[in-house]
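So the structure is just underneath, and the comments pick up after that.
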Amino acid sequence: MNAIDLSQLLERFSRPGLPKYTALHDAVLHAVASGQVKPGTRMPNEQELAQVLPISLGTIQRALRQLVDERVIQRRPGQGSFISDRSSGGQMEHPFHCRFVDDSGQGYLPVFPEVLSRERVSGPGPWTAHLRCKDALQIIRRIRIGDEFSVHSAFWVDPLRLPVFVSMPLRQLTSENFKQVIFRACGQAIHKVDLFTRQDVPPLEVSKLLDIPARQFCSSLRVQAFLGETDPIYYQRIFTPPTERELHIVSDSRAPGFAP
């Protein structure tokens, strides 16, 4: 990837009201996710980008820092910045709904998801009012948080709108960040996420999967995500067993959270 190619991509992702560092971040992420650039590709340095892109050096640095935080880019001292090899042994990168704060107070416990099932389900269902579709694709995942506990995630999308979730091999789907799958499929990042939380007793099958007593109250997180302000794109329900770990909820779904 050279600075001129990136400049052309930036034009595509720039729009009124969107911060310029976010447009640059999304342009690079799209190039990586779509395969236009491969792992190991060297990025132009900040000065090279500043000479070509119509944005300031500080804005470029902010976008690149975010990409480093998300492990899209790897900095190698004395060599430059390179597109990372994102194979992670099943670890999910940049999880939005499972950011449990680690002992340092400045980072997160690693997240290891496992797909338990993927099936088409017919409505009406919990997703119906949000997704506005009768049938949905339901993906159930058990997500291990470090070596401490697991959470249960039920995720619904419209399979006609996002057939990639139907066709993707389960092994690949297991460790994917679903927001990035949607970004690759739609060319748009998740813009708005509404979160609703309460204490609730999960269904018995969920308690068994989490290895907790029946009728044990858990933290329930209900998620409604949108492209733009009003375009619903996914619905999710997450159960977390009792834990002393803090869950860091960031208002911007693309924000990296704690910097390393």
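The values are calculated or read from the model by the stated rules, or taken from the named source; none is laboratory data. Since we're looking at a predicted model, the values are computed, not measured. Please note: Cβ atoms are built from the backbone with ideal geometry, for glycine as well, and neighbour counts cover all protein chains shown.
Below are the figures for this structure:
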quantity: From Ser104, Ser122, residue being free of Cβ contacts under 8 Å to residues at least 24 places away in the same chain, out of contact with any Leu (no Cβ under 6 Å at 6 or more places or on another chain), more than 20 Å from Thr174 (Cα to Cα) and not assigned by TED's automatic domain parsing to the domain that holds Leu195; calculated: Ser104
quantity: Condition broken by Arg71, with the remaining ones in (1) outside any helix (DSSP H, G or I); (2) on the phi < 0 side of the Ramachandran plot satisfied; calculated: (2)
quantity: Yes/no for Arg222 being modelled with pLDDT of 95 or more, among the charged types (D, E, K, R), surrounded by 14 or more Cβ atoms within 10 Å (Cβ to Cβ) and in the same structural domain as His152 (by TED's automatic domain parsing); calculated: yes
quantity: Criterion: within 26 Å of His30 (Cβ to Cβ), surrounded by fewer than 17 Cβ atoms within 10 Å (Cβ to Cβ) and touching a Phe, Trp or Tyr at 6+ places or on another chain (Cβ under 9 Å) - qualifying residue of Gly146, Gly187; calculated: Gly187
quantity: So Gln172, is it polar (S, T, N, Q) and either loosely packed, with under 14 Cβ neighbours inside 10 Å or at positive phi (or both); calculated: yes
quantity: Hits in the range 144-196 - residues which are among the basic types (Lys, Arg) and within 15 Å of the chain's Cα centre (by Cα); calculated: Lys179, Arg184, Lys192
quantity: Residue match in the range 238-260 (condition: over 23 Å from Asp102 (Cα atoms), out of contact with any Asp or Glu (no Cβ under 6 Å at 6 or more places or on another chain), basic (Lys, Arg) and outside the structural domain of Ala23 (by TED's automatic domain parsing)); calculated: no
quantity: Selection status of Val151, at pLDDT 95 or above and in contact with a Ser or Thr (Cβ under 8 Å, 6 or more places away or on another chain); calculated: yes
quantity: Some residue of the range 216-227 being under 21 Å from His25 (Cα atoms) and either part of a helix (DSSP H, G or I) or of a type in the set (Phe, Trp, Tyr) (or both); calculated: yes
quantity: Total residues in the range 132-143, condition surrounded by fewer than 16 Cβ atoms within 10 Å (Cβ to Cβ) and within 16 Å of Ala225 (Cβ to Cβ); calculated: 1
quantity: 1 or more residues hydroxyl-bearing (Ser, Thr, Tyr): qualifying helices (runs of 4 or more DSSP H) within the range 140-213; calculated: 164-167, 170-175, 204-210
quantity: Count of the range 20-42 residues which are touching a helix residue (DSSP H, G or I) at 6+ places or on another chain (Cβ under 8 Å), at pLDDT 80 or above and not hydroxyl-bearing (Ser, Thr, Tyr); calculated: 8
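Conditions (1) touching a strand residue (DSSP E or B) at 6+ places or on another chain (Cβ under 6 Å); (2) touching a residue at least 12 places away in the same chain (Cβ under 8 Å); (3) under 23 Å from Asp194 (Cβ atoms), marked per residue:
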{"position": "His130", "(1), (2), (3)": "yes, yes, yes"}
{"position": "Cys133", "(1), (2), (3)": "no, yes, yes"}
{"position": "Ile139", "(1), (2), (3)": "yes, yes, yes"}
{"position": "Arg144", "(1), (2), (3)": "yes, yes, no"}
{"position": "Asp147", "(1), (2), (3)": "no, no, no"}
{"position": "Ser150", "(1), (2), (3)": "yes, yes, no"}
{"position": "Asp158", "(1), (2), (3)": "no, yes, yes"}
{"position": "Val164", "(1), (2), (3)": "no, yes, no"}
{"position": "Gln172", "(1), (2), (3)": "no, no, no"}
